[in-house]
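Each reported figure results from applying straightforward, stated rules to the coordinates on display, with no laboratory input. Keep in mind the model is a prediction, meaning the values are calculated, not measured. Cβ sites come from the backbone with ideal geometry, for glycine too, and all protein chains shown count toward neighbours.
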Number of protein chains: 4
Amino acid sequence: MLPETPTIQTEVQVMFFDTDCGGVVHNLAYLRFIEMARTYLADQLGMGFVAMSRDQQYPVVVRTEVDYKRPAVLWDKLVVHGRLESLERSRFWCSFEIIRPCDGMLMVTCRQMLAVVQMPAGKPLRLPAEWATRYAHLRKA
Amino acid sequence: MLPETPTIQTEVQVMFFDTDCGGVVHNLAYLRFIEMARTYLADQLGMGFVAMSRDQQYPVVVRTEVDYKRPAVLWDKLVVHGRLESLERSRFWCSFEIIRPCDGMLMVTCRQMLAVVQMPAGKPLRLPAEWATRYAHLRKA
Amino acid sequence: MLPETPTIQTEVQVMFFDTDCGGVVHNLAYLRFIEMARTYLADQLGMGFVAMSRDQQYPVVVRTEVDYKRPAVLWDKLVVHGRLESLERSRFWCSFEIIRPCDGMLMVTCRQMLAVVQMPAGKPLRLPAEWATRYAHLRKA
Amino acid sequence: MLPETPTIQTEVQVMFFDTDCGGVVHNLAYLRFIEMARTYLADQLGMGFVAMSRDQQYPVVVRTEVDYKRPAVLWDKLVVHGRLESLERSRFWCSFEIIRPCDGMLMVTCRQMLAVVQMPAGKPLRLPAEWATRYAHLRKA
């Protein structure tokens with residue numbers, strides 16, 4: 001059996017409020033698109049947000065790296081492809097690509113490192129024990 | 001002694017993320033400017049937000065009316081003028097004008113009706129007793 | 001043949017960035033949801049945004065009235081129902097309801113008055129001639 | 001004469017719309033704070049935005065790296081410290097720290113690589129010739 005890598009695809013269409021007077025999508029807008037994709041990816045990882053919100057345990061972004069490759073414009077249909085990239089004891093990385101399917105162009109790439117914390121104290125928690133076996137192929141040395 | 005009317009002025013400068021590809025400020029951005037002004041106005045009204053957040057009592061916007069008069073552009077310096085307009089038993093209205101001081105132009109007008117609610121239940125509370133005397137000139141029949 | 005009334009339904013799911021520390025959806029977020037619905041509604045009205053962006057003719061919001069009825073929370077699935085409500089010579093109104101389908105609750109209602117303007121001058125244009133006949137049942141005296 | 005390093009400080013106060021239902025500032029909000037600081041820093045670098053917007057030459061963010069250190073909360077007063085970090089032929093890096101002055105805590109660090117592009121083609125331009133001498137101490141090998 002091939003090892004499983006959690007992945008997500010979410011679609012967005014560029015709205016006026018995503019663009020700026022330079023005529024292209026503003027860099028903050030891409031990160032909002034990625035927030036949505038990561039939220040669905042985390043949900044798929046078994047971090048049900050309603051439950052987490054009840055337990056006050058949240059996956060939080062510790063680091064973001066984003067490369068802006070090409071500018072999208074008003075009304076573009078974009079797809080955010082996200083996947084679990086790697087994991088450590090108490091942290092994991094997700095990676096994202098924003099693609100414009102009509103011409104196959106890669107607009108943005110992004111990597112985010114996350115931790116799971118107990119709020120309101122903000123204390124980091126270890127990742128769920130089952131991840132180590134389930135996603136063994138993604139573990140970092 | 002003249003009756004007191006709480007007022008606020010806050011300055012903002014238009015950033016790229018406030019504009020859209022039509023070349024002007026996006027209508028959502030003006031409302032974010034007004035959110036800031038209203039927050040400072042509410043603070044002045046004795047609704048200290050840190051305290052309210054502790055007590056879980058929040059002034060919440062029940063209705064917004066906004067008229068977009070003229071479009072602002074990138075880098076414009078704008079001033080939001082806000083004031084307590086009127087009050088009832090458990091609701092009050094604030095009104096706002098967004099002015100561009102360099103030419104005196106009126107860009108946006110806005111009125112908001114607020115209630116004070118006990119969260120998380122969302123139960124409406126009566127306005128503080130002292131308001132009725134302090135702002136008697138603003139009471140609505 | 002029954003008269004046609006342009007309508008739109010768009011779905012959104014509440015993300016972390018839509019909520020605030022009061023535990024509920026922030027009032028600006030609902031307006032972003034409505035922006036999306038109105039954009040799709042305008043598209044359906046024959047105002048193709050790519051074309052309009054090329055001709056520099058844009059439907060612009062002149063007035064917004066919004067009533068906040070009930071607070072939505074993280075992860076809620078909401079539907080924005082929008083329709084063309086009425087039209088005049090050079091202005092039209094759209095109305096919106098944000099519903100939470102899981103319990104049928106009405107969260108937000110909104111009305112927006114729009115004009116079509118030629119940018120960058122901002123000169124108002126008359127509505128397309130065919131609207132008068134096509135949406136005759138929505139014309140205001 | 002000591003070499004000059006362009007720096008900027010901008011103040012922000014955390015509003016409701018900057019927070020989320022986890023009770024802390026949302027990661028997108030910090031990047032909006034940094035956008036403001038970078039815009040003022042670019043202005044100080046002689047990239048007057050009104051002029052650039054006229055010439056359609058814009059500094060654009062090519063890469064962002066952001067580390068979230070500690071969570072800020074509602075009503076916190078924060079200061080964004082930005083500076084020109086280094087420059088190459090056609091790219092430059094800016095670095096930012098978001099500090100909470102009341103306790104000296106470092107909340108967020110960020111580095112951004114920028115290029116100057118001619119819009120709408122998006123063609124990269126060389127940095128202004130005078131930068132090489134003026135900021136010689138910041139040049140990268």
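Each 5 Å bin from zero up to the one holding the largest Cα-Cα distance in chain D carries the following percent of pairs: 2, 9, 19, 20, 17, 13, 10, 7, 2, 0, 0. Helix D:27-44 versus the longest principal axis of chain D: what is the Cα-based angle in degrees, 0 to 90, to the nearest 10? That works out to roughly 40 degrees.
Across peptide C:67-79, the mean count of Cβ atoms from other chains lying within 10 Å of each residue's own Cβ comes to 3. Using the average count of surrounding beta-carbon atoms within 10 Å as a protection proxy, the listed peptides C:95-107, D:22-34, B:82-94, A:122-134 rank, highest first, as D:22-34, B:82-94, C:95-107, A:122-134.
I'd like to know which of D:Gly22, D:Ile98, D:Met52 lies farthest towards the positive end of the charge dipole of chain D, counting +1 on Cβ of Lys and Arg and -1 on Cβ of Asp and Glu. Working it through, the farthest residue towards the positive pole turns out to be D:Met52.
The string of couplings for region A:103-120 from the Karplus curve (6.51, -1.76, 1.60, θ = phi - 60°) is 10, x, 6, 8, 8, 8, 10, 8, 10, 10, 9, 10, 10, 9, 10, 8, 8, x Hz, one whole number per residue in order, with x for Gly and Pro. Shape verdict for the protein assembly as shown, please, from the Cα gyration tensor: rounded (a/c under 1.5), prolate (a/b greater than b/c) or oblate. Here the protein assembly as shown falls in the rounded category.
Annotation for A:Gly48, label-to-label distances across the other copies: 4.1, 4.6, 5.9 nm (shortest first, one decimal, point 7 Å from Cα along Cα→Cβ).
Amide hydrogen proximity for B:Leu125: with H placed 1.01 Å from N in the peptide plane, the residues at 5 or more positions away or on another chain lying under 5 Å are B:Val116, B:Val117, B:Gln118. Closest approach of a chain C Cβ to the axis relating C and B (residue, whole Å): C:Glu65, 3. Look at the alpha carbon pairs under 8 Å that are at least 6 residues apart: their mean separation over the length of chain C gives a relative contact order of 28 percent.
Take A:Asp103, move 7 Å from Cα toward the beta carbon, and the resulting point lies 3.6, 4.7, 5.0 nm from the same point in each other copy, nearest first. Taking the Cα atoms of region B:52-99, the ratio Rg/Rh between the radius of gyration and the Kirkwood radius comes to 1.08. Position D:Lys77: other-copy label points at 2.1, 4.7, 5.0 nm, ordered by increasing distance, label point 7 Å along Cα→C-beta.
Each Lys and Arg contributes +1 and each Asp and Glu -1, all at the Cβ; summed about the Cα centre of the protein assembly as shown, the dipole is approximately 0 debye. Placing +1 on each Lys and Arg Cβ and -1 on each Asp and Glu Cβ, with no other charges, gives chain D a dipole about its Cα centre of roughly 520 debye. Taking amide H atoms as placed 1.01 Å from N in the peptide plane, the amide H of B:Trp75 lies under 5 Å from those of B:Val14, B:Met15, each 5 or more residues away in sequence or on another chain. A cut-off of 5 Å between modelled amide H atoms, ignoring neighbours fewer than 5 places along the same chain, links C:Cys21 with D:Thr19, D:Asp20.
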